[in-house]
Amino acid sequence: MSKRLKLFLGISYITILFAFLYLIFSFVDVTRLDDFLYYKELQIDLEKMIGNNLFTNLFIFFLFCLVWVSLLGFGSPLLIISGILFGKWIGTLISVLSISIGALILYSIASFFFKDLVHNLLEKRFIKYIHLFKKNEFNYFLAFRLSGGLGIPFGPQNVLPVIFNIKKSNYFFASFLGFIPVFFIWNTIGSGLNEYIKQADNFSFIRLLLNKEIYIPIIFFIIVMLISVIIKKTIFNDKN
């Protein structure tokens with residue numbers, strides 16, 4: 001990888017990050033962050049903005065996710081935001097689609113530009129899984145996504161499959177299907193948080209946790225995490 005390419009990617013990532021932070025802080029009055037009524041005002045303004053320009057805002061969010069994920073951005077905050085902005089159903093759909101495509105773009109970039117670097121950094125650590133993916137790369141990559149990427153941070157787990165040389169179609173569809181359970185849960189939490197702000201007169205952490213729109217998806221998240229541990233132990237163990 002050339003120094004110019006490294007510099008370009010680094011500057012691009014930092015530019016997008018600061019642009020995102022600028023948009024947030026230009027929209028948010030930081031002096032009122034301890035005022036719950038301010039969040040209610042923000043919620044009303046966001047609903048009006050999204051309701052008046054739903055498809056435009058979906059498109060902007062879609063593009064941002066593509067660029068953010070393709071530049072190794074983390075995923076969880078995007079899921080909460082999509083749930084807050086678009087609700088659990090539309091939020092899940094747009095986040096699964098955009099993040100799956102963004103991950104595919106990152107995978108394609110890594111395969112083309114950084115294949116040797118990825119192999120040097122990751123192949124020795126994950127060589128025990130290569131023969132598994134050769135058996136059925138779609139099923140094993142789907143299990144990899146369902147298991148939360150074996151605990152690997154989101155950015156690197158999108159790049160790791162370079163060492164398995166997975167087909168792009170299998171990468172995309174396995175990611176898309178594998179993301180759905182956890183993405184739906186996070187979007188549901190974001191949607192529940194939005195509803196809580198809309199209905200509550202003041203903030204209470206206990207009341208927030210006792211809200212069924214919050215504690216039910218959290219329970220399902222714990223269940224999914226337990227299932228992911230089972231998948232990891234039964235499919236991705238040293239004996240397979």
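Could you please tell me the mean projected area of the C-alpha convex hull for the chain, averaged over all directions and given in square nanometres to one decimal?
Computed as one quarter of the Cα hull surface, the answer is 14.3 nm².
How charged is the neighbourhood of I189? Take every other residue with its Cβ under 14 Å from the Cβ of I189, and add Lys/Arg as +1 and Asp/Glu as -1.
Every neighbour counted, the sum reads 0.
Which listed residue (G151, I50, H119) has the Cα farthest towards the positive end of the charge dipole for the chain, taking +1 on Lys and Arg C-beta and -1 on Asp and Glu C-beta about the Cα centre?
H119
Taking only Cα atoms and a 10 Å spring cutoff, compute GNM fluctuations for the chain and point out the largest among Y196, Y171, Y22.
Highest fluctuation among the options: Y22.
Measuring from centroid to centroid over Cα atoms, what is the spacing of the range 76-95 and the range 155-199 in Å?
The range 76-95 and the range 155-199 have Cα centres spaced 11 Å from each other.
What list of ³J(HN,Hα) values in whole Hz, one per residue of the range 161-168 in order, does the Karplus curve 6.51 cos²θ - 1.76 cosθ + 1.60 (θ = phi - 60°) give from phi, with Gly and Pro shown as x?
x, 4, 6, 9, 6, 6, 4, 4
Fewest Cβ neighbours within 10 Å first, please rank S12, S26, S191, S111 accordingly.
S26, S12, S111, S191
Give me the net charge of E123's neighbourhood, meaning all other residues with Cβ under 12 Å from the Cβ of E123; Lys, Arg count +1, Asp, Glu -1.
Taking every Cβ under 12 Å from that of E123, the sum is +3.
Quick one: putting +1 on the C-beta of Lys and Arg, -1 on the C-beta of Asp and Glu, what dipole do you get for the chain around its Cα centre, in Debye to the nearest 20?
It comes to approximately 1200 debye.
Show that you can apply the helix-only estimate: for the chain, add -39,500 (n - 2.57) for every DSSP H stretch of four or more residues, divide by all residues, and state [θ] at 222 nm to the nearest 500.
-27000 deg cm²/dmol
Taking 28 Å as the cut-off for C-alpha to C-alpha distance, list the pairs among K115/K232; K48/K88; K88/K167; K88/K124; K135/K232; K48/K168 that go past it.
Exceeds cut-off: K88/K167; K88/K124; K48/K168.
Picking from I197, I84, I223, which is most flexible by a Gaussian network model of the chain using Cα springs under 10 Å?
The residue with the greatest mean-square fluctuation here is I223.
Taken together, the values in this text are just the output of simple stated rules run on the coordinates, not laboratory data. In this text the structure is predicted, and so the values were computed from the model without any measurement. Every residue, glycine as well, gets a Cβ built from its backbone with ideal geometry; the counts of neighbours run over all protein chains shown.
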